[in-house]
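See below for the structure under consideration.
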Amino acid sequence: PRHGRGPLLLYVLDVMELPDPVLPQLPALLGPDVPAAGVLVVGNKVDLLPGDCRGHLGRLRQRVAAACARAGLRGAALVDIRLVSAKTGFGMEGLVSRLQRSWKCAGDVYLLGATNSGKSTLFNALLRSDYCKSRAPDIIDRATVSPWPGTTLNLLKFPIINPTCDRIFRRQERLKEEATKTEDQLSSEEKKHLDQLKKQGYLVGRVGRTFQQQKSSSEIDFDPDMLSYSTDEDPRDLPKKHEEREEFTHNEVKDARWCFDTPGIVKEDCVLNLLTEKEVKLVLPSHAIIPRTFILKPGMVLFLAALGRIDYLEGEKPAWFSVLASNLLPVHVTTLSNADAVYEKHTAQEFLKVPMGGEERMKEFPPLVPQDITLKGIGTTEAVADIKLSSAGWVAVTAHAEEELLLRAYTPKGTMLVVREPPLLPYISSIRGARIPGTPAYRTKKPPSFVENLRTMGSR
């Protein structure tokens, strides 16, 4: 503890990974001097999930709160739960405001989280926000964003700005002013950036800075002698001027509280631990997930790449299987009699895509192992459960009321298969287009994006 107080732990949780495997370990990290500071849980990557009904974010927050309670995080130990997208900026201004209100409640802040939870992306977003002192982004190196654990080799940190009454007032005035703008009032550069974010996520936020570092001079520094050279001289070989690295002054940091980034915690029993870097990039969603729904009869099988398989063994009626995974992962449906042959022929080939590398790759890749699952449907509009295929994605199962289904799900040996009840997005099967004739598939449908802190055109 510094400043007479223990640190605030900012735990970054990937909402798609619920039930989060690391969350139960947090109480053990809180030593006897730390509980007064507590944990602020940040549910990240909400931009990737389509809203299956109105109020879906409130339901997601309830799911995170329930996971925290099961992990023993409740009462004073749990400071708050915030849902954000560190990538698109959704919820980030609200998170900064909440952290500033915790200024008197804690000392330094430590970012904790499992690998691939978006922890370093969040660190970089906070570094460019009102949470960080204005000069710091030009002095501090940004965190390395990588799918591999332990890439944040140094304990990166930035000084937190002191939220004085004047600064809080000026920040609130900026937020109010920006919330009155419409998209047509943005600059062309802002519009272009916003359009890029809309393509990447369903939920987008606009994160700005109230306090900017003032440039000491607008003059361009150049050396006239460097502007001329003879025909036998190569300008590429001209010596470069040495640029001195900026440093903080003593007064800037003597009483500062710091926000620290930490190396990611490696998740056990995770399919990503078995994959190459190229394969991980295909498996981890980088854009808004477009749900893919299929209607299967008993005796049919669904493959998610070669990383997961679900067999519909017994049931009276067809059921709907909605896949939520990276848009780059292929989904294939076949019959139970052909499933083994499909897996043997196409594993590590382009048809199933991941893993990749042919027979040599499969010599070291573990086989798929089964787990039987029994579900009872609750209606044709609401999923009864998610079958989570480790970190490769999940399949939401929707069935007729009281209809009993016997399923068999497979994941690679050594990875975790979870039946998530209740499902994360129970009404996801409703987000689909028309049935594709002659196939068990429905046409995909992408819901529109929503921009936070921006007035819609028709709200005047």
Legend entry - Whole-number accessible area per residue in Å² for the range 272-447, which is evaluated in the context of all protein chains at 1.4 Å: 43 Å²
Legend entry - Exceeding the 29 Å Cα-Cα cut-off - candidates K176/K446; K267/K363; K317/K413; K192/K267; K278/K317: K176/K446; K317/K413; K192/K267; K278/K317
Inset, instruction - Would you please state the base-10 log of I(q)/I(0) at q = 0.14, 0.19 1/Å for the range 272-447, with intensities from the Debye formula using one equal scatterer on every alpha carbon? - result: -0.70, -1.33
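Counting only protein heavy atoms, what percent of the accessible surface of the range 268-390 is carbon or sulfur at a 1.4 Å probe?
Summing carbon and sulfur atoms, their accessible area is 51 percent of the total for the range 268-390.
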Legend entry - Mean-position separation - Cα centroids, the range 420-449 and the range 155-211, in angstrom: 33 Å
Legend entry - Cut-off under 5 Å, modelled amide H: who pairs with F450 long-range: L203, V204
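Just to verify a number: FRET efficiency for K317 and E268, C-beta to C-beta distance, R0 = 35 Å, to 0.05?
0.35
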Inset, instruction - Go through the range 281-297 residue by residue and turn each phi into a ³J(HN,Hα) via Karplus (6.51, -1.76, 1.60, θ = phi - 60°); whole Hz please, and just put x for glycine and proline. - result: 5, 7, 7, 6, x, 10, 10, 3, 6, 9, x, 10, 10, 10, 9, 10, 9
Legend entry - Solvent-free Debye scattering, log10 I(q)/I(0), computed from the Cα coordinates of the range 386-430 at q = 0.32, 0.33 Å⁻¹: -1.28, -1.31
Legend entry - Per-peptide average of other Cβ atoms within 10 Å, ordering 279-285, 97-103 highest first: 279-285, 97-103
Inset, instruction - Sort the following peptides by mean Cβ neighbour count (other Cβ atoms within 10 Å, averaged over residues), highest first: 163-173, 316-326. - result: 316-326, 163-173
Legend entry - Packing-based order for 55-65, 362-372, using average beta carbon neighbours within 10 Å, highest first: 55-65, 362-372
Inset, instruction - Find the percent of Cα-Cα distances in the range 35-131 that exceed 23 Å, and round it to a whole number. - result: 24 percent
Legend entry - For the range 184-190, Karplus couplings with θ = phi - 60° (6.51, -1.76, 1.60), whole Hz, Gly/Pro x: 6, 8, 7, 5, 4, 5, 5
Inset, instruction - Report, by chain and number, residues whose modeled amide H sits under 5 Å from the one on L112, excluding near sequence neighbours (fewer than 5 apart, same chain). - result: L10, Y11, V12
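The values are calculated or read from the model by the stated rules, or taken from the named source; none is laboratory data. All values reported here derive from a predicted model rather than from experimental measurement. We place every Cβ from the backbone using ideal geometry, glycine too, and count neighbours over all the protein chains shown. Calculation scope for accessible area: heavy atoms of the full protein, side chains included, ligands and nucleic acids excluded. Shrake-Rupley method; radii C 1.70, N 1.55, O 1.52, S 1.80 Å.
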